[in-house]
Amino acid sequence: MTTVPERFSSDSQVLGPRASLYPYPIGFDPSDRAHLARLATGDLMFRVSTPSDFMRVLLVIRDQQGATAHGFELVGAAGGFALWELRIRAEAETIEYSLALETADGPAVYFSPTGITNAVERKDRFVARPAELPVHHVPDWVVGAPIYVRHEVVHNRFVVADLRAKGAVF
């Protein structure tokens, strides 16, 4: 899914200046290819795990003109956790970014290399160099192959039906 990025003059405008310092278990490690990878197409793929009560996750890229926020897509949720994914075209040699997250009932949550913060400072951003990231290649034989599941581990008929619709074989 392609999202239309939103443009802001500063990071604090993305979700507002009122931010939470509560230590939410946010999963993002840019050194792990499961969280940040360069695809064979040249796009960058970001993945973040959050508690399931988060409504929105944004990748905030900072450049000379200000901040650009790209929305993640929710790709799965179970057991109180949610998985979010975003694919974007790498436009620059170096990308400085942070994460802005929004819970259902509270203030914004900003996530940077130092962890959860109430504001993203100028020197407190993740840095990615797309050309230096290894390419994440999916073998051709995997594409479209069924996923075999020994038994219905998830005892939720809607989740099971969704997995069956996506090709899982129980």
- Quick count over the stretch 35-59, residues being closer than 17 Å to residue 130 by Cβ and either open to solvent by 30 Å² or more (accessible area, probe 1.4 Å) or among the hydrophobic types (A, V, I, L, M, F, W, C) (or both), is 13
- Meets criteria (over 21 Å from residue 107 (Cα atoms), modelled with pLDDT under 90, not small (Gly, Ala, Ser) and not in a strand (DSSP E or B)) for residue 33: yes
- Query: If you scan the stretch 89-115, which residues turn out to be assigned to a strand (DSSP E or B) and touching a helix residue (DSSP H, G or I) at 6+ places or on another chain (Cβ under 8 Å)?
  - Reply: 95, 98, 100, 110
- Task: Consider only pairs whose beta carbons are under 7 Å apart and that are at least six residues apart or on different chains; among these, list those whose first residue lies in the stretch 64-75 and is within 14 Å of residue 14 (Cα to Cα) and whose second residue is in a loop (DSSP other than H, G, I, E, B) and of a type in the set (Val, Ile, Thr).
- Result: 67/14; 69/14; 70/3; 71/3
- Does the stretch 54-61 contain any residue that is assigned to a loop (DSSP other than H, G, I, E, B) and touching a residue at least 60 places away in the same chain (Cβ under 8 Å)? no
- Message: Checking residue 47 against (1) within 10 Å of the chain's Cα centre (by Cα); (2) free of Cβ contacts under 8 Å to residues at least 12 places away in the same chain: exactly one of these is not met. Which one?
- Response: (2)
- Task: For residues that are surrounded by fewer than 12 Cβ atoms within 10 Å (Cβ to Cβ) and part of a loop (DSSP other than H, G, I, E, B), scanning just the stretch 1-16, find the one that is modelled with the lowest pLDDT.
- Result: 1
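The values are calculated or read from the model by the stated rules, or taken from the named source; none is laboratory data. Worth saying up front: this structure is predicted, and the values here are computed from it rather than measured. Positions of Cβ are backbone-derived with ideal geometry, glycine not excepted, and every protein chain shown enters the neighbour counts. Areas reflect the complete protein model, heavy atoms only, side chains present, ligands, DNA and RNA absent. Shrake-Rupley method; radii C 1.70, N 1.55, O 1.52, S 1.80 Å.
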